[in-house]
Every structure is written in C-alpha cells, then in structure tokens.
1. Within the stretch A:155-176, what residues put their amide N at less than 16 Å from the label point 7 Å along the Cα-to-Cβ vector of B:ASN258?
2. How large is the Kirkwood hydrodynamic radius of chain B, counting all unique pairs of alpha carbons, in Å?
3. I'd like the mean, over residues of A:30-37, of how many other protein chain beta carbons sit within 10 Å of each residue's own Cβ.
4. Which whole-number value in Å² is the accessible area per residue of the stretch A:56-213, probe 1.4 Å?
5. Which positions within the stretch B:45-73 get 10 Å² or more of their accessible surface covered by the other protein chains, compared to the chain by itself, with a 1.4 angstrom probe?
6. Pick from B:ALA202, B:ALA166, B:ALA138: which residue has the top mean-square fluctuation in a GNM of chain B where Cα pairs under 10 Å get a spring?
7. In the P(r) worked out for chain A, what percent of Cα pairs fall beyond 32 Å?
8. Using the Karplus curve 6.51 cos²θ - 1.76 cosθ + 1.60 with θ = phi - 60°, what ³J(HN,Hα) values do you get for each residue of the stretch A:182-197, in whole Hz, with x for Gly and Pro?
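The values are calculated or read from the model by the stated rules, or taken from the named source; none is laboratory data. Since the model is a prediction, treat every value here as computed from it, not as a measurement. A quick note on method: Cβ atoms are made from the backbone with ideal geometry, for glycine too, and the neighbour counts reach across all protein chains shown. Accessible surface is based on the protein model in full, side chains and every heavy atom, while ligands, DNA and RNA are left aside. Shrake-Rupley method; radii C 1.70, N 1.55, O 1.52, S 1.80 Å.
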Amino acid sequence: MALVPLSYNLRSLAVRWSATLLTVFGIGATVAVLAGVLALQQGFETLFTESGRDDVIVFLRQGATNEGDSVFSLERAQILMKSLPEVETPEDGQPLIGAEMYLAVRRTKTDGGETNVPIRGVSQRSFDIYGDGVRIVEGRRLASGADEVVVGKKLVERIRDCQVGRTLTLNTTPFQVVGVFDSDGPFASEIWGDRDRIGEALERPVLNRVVAILKPGTDLADLAARMDADPQVPCKVLTEKEYLTSQTSALSFVLRGLGFFLALVMGTAAVFTATNTMLAALASRTYEIGILLALGYRPYAIFLSFLFEALVLGLAGGAVGCVLALPLNGVDTGAMNFQTFTEVAFAFRVTPQVMVTAVVFALILGLVGGTWPALRAASMRPTEAMRRV
Amino acid sequence: MIPFTLVTKNLAKHKLRFVLTVLSLAVAIFLLCVLRSLVVALNAGVADAAANRVIVQSKVSLFVQMPQSYGPKLKLVDGVSSLVRWNWFGGYYQDPSNFFAQFATDPKELFDVYPELYLVDGTKEAFLADRKACLVGAETAAKYGIQVGDSFPIIGALYPTTDGSAWDFQVAGIYRSKKKSLDENTLFFHYDFLEKSLESGAASGPDGVGIFVLKVAPGYQPVEVMSEVDALFENGPQVVQATSESEFQAQFVSMVGNVPLLVSSIGGGVMIAILLAVLNTMLMSAREQTRDIGVLKALGFTDGSVFGILILQAFVLCGLGGALGILLAKMSEPGMARAIGSMFPGYQVTMPTLLEAGGATLAIGFLAGITPALRARALSVIDALRAVR
C-alpha cells in the first residue's frame, strides 16, 4: 500500500517554521541539559577508568573501600612488602613495590574558599612503578628525604601556592614546590612528597596503601585469595584499574541518578510540547487529511506520516541539543569524589555514547509526543475532515 | 475594557493543548523548586549555625585527628563552658551504599552544647546509661525501619572490628532537631565505647578526636576564644583551626565545589525549554484567534484591550501551571527529603524558593505573552478579518 510522500511532511514543517523551530529548540534545550550531565559523568569516569593500569597492583587493608580508609602501620607495611615473592625485580635488585601515604589536606583555592586536595607520600619506587603514567613537565622530581613536593598539573592554576618555587606549609613544616607533573588519571589533582617527610610533618606515622608490579604470569586470583587469608597482614588485592573504577561508583551513581531524574521530568514537559505542536499541525491540516483520505491513502499511512513528522521534530531537536552541548567538550571542571571527599579536576567529555543517548532520547520524545496526534489524524473520516474548515 | 469570559473561553477552546501546556509548566516549575531546594539544603547548616559554638579542628586536614590531650587543655580556655568531642566513624549498614554519618561523641555534653536536639522516642537516661547505646536521626530511622530497643549493626569501614563482625549499637532514642544546624540522618554513640574497643584490641582504627565543639559562656566573645585556641597549639604537635559554626559549615559548601553552578546551569536549561514551549502555545492560539481579533476590533474594542486579552491568557495559563508546580514541589517535600536526605540533609522547599518559582512563572508568562499580544495590538481590522487559518 502507498505511503504518504515524506516530502509532504518536510514541507509542512517548513511552512509552519516558527512552531517547528520553537519545538525543535525546546526539545534541543532538554536534550542539551541531559547531554551536559552525561558528559560530566563521562569525563569523571574516563579519568578514573581509562588511566588505571592492569599491571599495577594495589594492596589495601581488608574492608577498606578507598585509600583514605585503608591504614597500615609502618611495621605491617614492611612485613607485607617482604612477604611477596611475586613482585617483579628489575636488574638493580630493588623489587618494584612501594608503600604510599595518602591524606586529603585542606588547601585554599586561588579564587578563595577551601577544598580538599589529596597529598601522597611516596618513595622513589612509586615513580618507577608508574613509569610514564607520571611525567615531570616542569622543574624536577623531588629528592628523597627532602622537604620538597611536586604538584599535579591540574592544581597549578586552581590551588594557591602550587607553582614551582613557592612554599606549601603542612602543619608546621614548610615544603618547597620543586616540580609539576602530569598524568592522565586522578594523580594530576594530587600533591606528591617524600613519604617519610610528609608522615613526620603531619604527625602521621602510618601508610595507606602498597603498590607493586608483579612478575609476568602471576595469577592474581591466587594472590588475592592468599592475601585475604594471610595470618600476619591480611589485605585486599586489586589492580589499579579495578581500584580506580571502584572510586567512581558514588559520584557516577549521583550523576546518573540526576541525569535520569532530569530526563524523566524534562522529558515529560518536552513530550507535552511535542504533542501540542503536532495537535496544532493537525488542526490546521484537517482539510488536507480529508483530501489524502479521499485520494485513497489508508489510515495507517496517515498515521505513519504524522509519526514520521514527529520523529523529524525529535531528530532535529536531538541534533540541536548535541550542537548546544558540544562546546562543553574539553571544558575543565572539578567535582567532589565522594569516596575520598577530595576534589578532582577533569574535563567534560561529549563522547559518541553521550550523543547517541541524546539523539535516541530526542527520538523517543518525538515518538511519544507524536503517537496520540497521529492516531487522531488516522481516525478521521474523509467527509467530516473535508467539511471542517 | 477586557472581557474576562473571552480569556477563559479562548483558553478552554483547545482543552487538550491547554492541559498539556499547564502540565509541562507545572513540571518545569516543580523541577526549578527541587533544584533550588538542593542549593538551599547545601547552605542550610550555614544559615542555622549557632553563634555561641566554636569548632576546633585540625588545620591540616578534615581527616586528621587531634590528640585526646587537647580536650582538657581546651576546657581551661577562658569562656569555654562545656565541650563535646565528635569523631567520624565512617561505617555503613549492611551495604556500603547505605551511607549515613555516624559520630562517636560525649553523650551528656551533646545535649548541653546542642539544645536544638530533642528525642521523639526513647529517653535521654537510657542513652546515657548504656555504653553501647546510640541515638538515631529520625530520617535514618524511618529509612531503615529502626525503632527504639532495636540493635543497629554497623560495619566499621574505618574502624573494623578484629573478628570482622559489625559494631552492635543499641537504639536508645530517635532524635530530631529544631534547627538545620544538626541534620536528622546521623547516628550518635558513646565516645567511651569507641575508645574502650580500641584499647582492648576489639577494633582498630585512628585514635584521636575529629572535632571539638566548644560552647562559649554568655558574656564571652567567641572570636577571642578562637584566637586563644589557635595560639594554644600554634607550634604543634597538631596545628588547629578554631572557627565559628557557620564558617565550619561554609567550608563544606565550598568543598562540594561546583554543585551550585551545575544546578543553576540545569535550571537555566529548564527555563529556556519551558519558555519556548509556552511561547509556542501562545503563538499558536494567537494565530487561530486572528479573525476573532479582527471582529473584536471591528466591534470597537481598543488596541489596548486586545493586547490585554492576549497577555492575560498567557498569565492565566502560566499562573495555573506555576501554582500546580509549586504545589507539587511542596507536596513532594517529605518524600524527596527522605530519598536524598543522606546526601542533602536539610532538604526543604522554603518560602524564598517558592517566591522565586512564582517570579519565574510570571516572567515566563510575560515573555510568552508579549509577542503575540503586541502583534495583535498592531493588527489592522482588515488584515485580521482577511486572515486565513
């Protein structure tokens, strides 16, 4: 059976251009808000998950969900580090394993106000383990045993006293900023210093996690099971990637929840608008529908024709929404990582996934908004329709 | 002169369109109220802070505890009438996603320093008598179905027990607060219980005090108490920062970072989407009324009254939608407070929020009504009568 030519709908939309534009932009604004929230979530999540490595292994205290909760005494950390024959040992004879201290410290933002910045006390081993994951981009690496720190690149502009040559005071001890480092992951929002010096300055003689690189071919599941039941220092073993992924769950959950709530609420409003526009289009074209029916087009063809028109509105709205959201891509922002209560800097990411979600959402809006008017159009009788002017 | 019946008749002409527009407006205004209330909730603690309380915390970090020995020294500071210790427990109920705040505190002093705290069930005596007793906020109690007399097992992520079991708290009372300075989601338990468990080796975790809250005696200046406290520990071992309660609350708002900005951007998007939708409806109905306008003008209605009819239609439409949205926001208040209480304690749809929503409604009505109204005013009788629908 014959369908109504699609050009009929496209021309109708063009003739009623002001209503079409208002509807398209209305849907567009709705879609852009949703895309923005999703882009925020994507930016945050990729920062954590894509930078995590599978070959770097993280040891946490049993039951701890993040580094802040995980605590090892110096003694226990030493026992742990010596009890692992699986650790890779390069030619210099020093195994690739290091303990780190982690604490969120209070810092002042350059624009005023306080925030929590993670400070990581490391040994030279940490630099060896992360390799290219941590690159000095200005100044130099910190010297062991010195009151020096290097700062993550994302902090330089945001946090006071985070430029090379400045002095950061921790508790009562001044630390010299000697370098800036970059990293693709959350490290770029951290301050790194010598583990022993930082521990002493903060009066915190504890360590928070141990990181290592294992010999190729080590069975991680076996190791995890053994360490879980270890009589001396039982601990939780996971890859850096797994660790970082687990860190995103709280904020991702909030952002996804927010996105879903907004989609539902704003989507409802957008569906009503689309229905209105289609109903108005219908009212002014009753006569035309009568003619189409009289010409022999079947009701289902009329139904599909009007549904198509609503989908075009939705698609155009989705496209406008994506265009509106696109400038957000790459814009730097910060958000609170609820797990450690620290602020991480990252960029919005309008990924293809975000765009597809946005367009599909817009199409659904058009579809839901267009169904009822299309049904109404299809159920008209030719004589009545042509009589109604 | 404006014929009011004409305004209502015109609006009622397309009942479905009218209802859909009102509903989408209601949804949008509801969303605006919710978003605004989130920001209000963030700032609730600041607004309701008591002037006679001074908070002493580590200057270095939220997560660093002060030595127990600070307590007796702080008590001797001139003007301090009583003191209560708070220590973050960082546990969860059954699953890490069941997150709410728990604090070890001094039970007797808590009631003295926080007079806004009152019990809706259970007794103060029962709470004081049993070392394992706890007070649970009414919101948390409702969320998990906890009643007085129940035991409330909390898994200590930060303070794990040696045998891996949950901490067993006995619910002695359900509290509420007369002010937003205390939120109604928290669990309070005896500091002694935590301390004795750490001493006996039944549990492990950081020892010390998270914050000291000082009650300043009448006649003393809190500012002087603060500077005296700051000076007392200037040289360590742990440098402290004494602030007013409002500053203490404000620091959390600052740490949460971009939330207000995020919320206002979303609100902006909602406003634009809904404005376009209402404008669309108004333009549609104005177009359909072109001939009526011609008739009215031919009958002798002035340009002014035609303008009035159209703008009044926009205001009536928006007024209805806005009122419905405001009603919805107010009615959903208890449910929303429960759903997001652990993240946004003190969620409340306040009068200023409702007034702002009302203002936004009127602004939308004006912006959506002015274009068609101006157009109708300028229309000549002949053009109007000649118009094709």
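1. Residues A:155-159 fall inside that zone.
2. It is 24.8 Å.
3. 4
4. For the stretch A:56-213, the per-residue accessible area is 37 Å².
5. By number: B:LYS59, B:VAL60, B:SER61, B:LEU62, B:PHE63, B:VAL64.
6. B:ALA202
7. 51
8. Working through the residues one at a time gives 10, 7, 6, x, x, 3, 5, 9, 10, 10, 10, x, 5, 4, 5, 5 Hz.
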